[in-house]
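Before any comments, here is the structure.
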Amino acid sequence: MNDFKITITKRERRRPTADGGTVKQVRWFLNYNDPKTGRRMQPSFERRGDAEAARNKVVAAVHGGTYNDRRGAPTVRALVDHWLKFCNGRVKPSTLKGYEIVGDVISGPLLLGTPRQRYAYSRYGEAPKDAVFEPMLGDILATDLTTSEIRMWHTLLKDQVGYYTANRAKSVLKSVLALGEEDFGVRPPSMPTLTGRRASRPRKTILTPDQIATVLEAAQTDPERGVYYAFPFLTGTRASEQLGLLWEDVDFDAGVIRIRRVQERDGSLCNMTKTEAGSREIPMMPLLRKLLADWHGRCPRDPEYPDRVFPSQGRPQPWPRPRIMGGRPLSYQNFRSRFWGPIFAELGLPYVGLHTARHSFISTLQAQGVEVGLVAKLAGHANPAVTLGHYTQAVRGGGEAVERLQEAYSGPSVAAA
């Protein structure tokens, strides 16, 4: 781009006025050839200072490799729509729906009001009387978007809808702009870093390895419920992944569990995980293998439903009659109230949420020295350090990682399993 040339010229024209006189009109023009298409460009300005500022901006963009013709540049709204089309079919429908909601927050406009008013507007198109709307980033050309504008947009979202939504929207915007750079050659601005901090929250209760060992010891003497509440600690799966697991996904010969689908809130199965990284294989440690093998023969089944590993158990009947309503989908609420929550009260342990078991799985593996890339792979995280994840495959296998996990949960009966 060293041969790129751009000049400024002044043009004066006399224009007739309504009273029969004339007025002199002065315009300042930039003159250059588009470095990508070779087309002649002549944008005009009323003041020389504006023309000089525009010239400096074009020169900096050309030499910095970020030049794009504004006339053909997409808007942020167009990039959001393009990204959503790209995601369609690559993520499960409920995740895509969440992306669409965040996309509306990025593109705008945003109704300034209560959460209930915004929900009614987004769901039914009903805006309150004298509603006030604030434009978002949608109508800004992607080539004109600046870090400052993103920061102001993020601050407005943080004040109106909360820190979590604002940060999630910023994360999605980063992905949108990255895809725009790949497909349209629009170089994105830097994401703002000085966006403030959210109010500190009390730390969640996380069980210690000794407490988890107590839970796992109880699971080995609980033939009906044990595998249900031990499984999250031994695999780090999300609740939707556990409830969507089928027996065909449990490979006893290979010693792995294949995560390929999730259970939706209505109990239906979605043959797609939360993200692409969610599709993975988790090695079975000896304790988990024993629990699943024992449960396989007793697990209730219903021929009208897929063969789930963690179905609703139904109501028991005198032997040999099968359970009533057994083998059907188990809702998350019933899983939490019937299988998960009671065990902590019975053992005198502090109650923790299901997702906390996932945190324990990840943090324990890291504490045992397992590479962070492999931990992310086992947990199904779309880790930004993808290269690190590939390299760790050659350093240590998943089987050794779960052996480290069982060592950490080394209660007397756990170690002997």
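Taken together, the values in this text are just the output of simple stated rules run on the coordinates, not laboratory data. Please read all numbers here as calculations on a predicted model, not as lab measurements. Cβ: placed from backbone, ideal geometry, glycine included. Neighbour counts: every protein chain shown.
Structural remarks
- Computed over the stretch 76-184, relative contact order equals 33 percent, with contacts defined as Cα pairs under 8 Å that lie 6+ residues apart.
- Shape index of the chain: Rg/Rh, with Rg the Cα radius of gyration and Rh the Kirkwood radius from the inverse mean 1/r over Cα pairs, equals 1.13.
- Label-point gap, in nm, between Ala60 and Arg13 - each point 7 angstrom along Cα→Cβ: 3.1
- Gyration tensor (alpha-carbon) shape descriptor, the stretch 76-184, a/c threshold 1.5: oblate
- Listed pairs Lys158/Lys274; Lys97/Lys174; Lys36/Lys57; Lys97/Lys274; Lys97/Lys170 exceeding 20 Å between Cα atoms: Lys158/Lys274
- Dipole of the stretch 7-67 [Lys/Arg +1, Asp/Glu -1 at C-beta], most positive-end residue of Trp28, Tyr67, Ala53: Trp28
- Using a Förster distance of 22 Å, the FRET efficiency for Ser122-Ser94 (Cβ separation, nearest 0.05): 0.85
- Taking 7 Å steps out from each Cα toward its Cβ at Thr275 and Asn167 produces label points 1.5 nm apart.
- Among Ile212, Ile324, Ile206, Ile140, sorting on how many other beta-carbon atoms sit within 10 Å of each Cβ, with the fewest leading, yields Ile324, Ile206, Ile140, Ile212.
- Positive-end residue of Ala357, Ser331, Leu378, charge dipole of the stretch 209-416 with Cβ unit charges: Ser331
- Extension gain for Lys174 to Asn33 (0.36 nm times residue separation, less C-alpha to C-alpha distance): 47.6 nm.
- At R0 = 41 Å, FRET efficiency that the Cβ-Cβ distance of Ser331 and Met152 yields, to 0.05: 0.45
- Simple Cβ-charge dipole of the chain, Lys/Arg +1 and Asp/Glu -1, about Cα centre, in debye nearest 20: 1580
- Thr22, Thr237, Thr193 arranged by Cβ crowding within 10 Å, fewest neighbours leading: Thr193, Thr22, Thr237
- Electrostatic dipole magnitude of the stretch 7-67 [Cβ: Lys, Arg +1; Asp, Glu -1; Cα centre; debye, to 20]: 160
- Within-14-Å neighbourhood charge of Lys24 [Cβ basis; K, R +1; D, E -1]: +4
- Neighbour-count ranking [beta-carbon atoms within 10 angstrom, fewest first] of Trp340, Trp247, Trp153, Trp319: Trp319, Trp247, Trp340, Trp153
- Max mean-square fluctuation residue, GNM over the chain, Cα-Cα springs under 10 Å, options Val105, Val227, Val132: Val132
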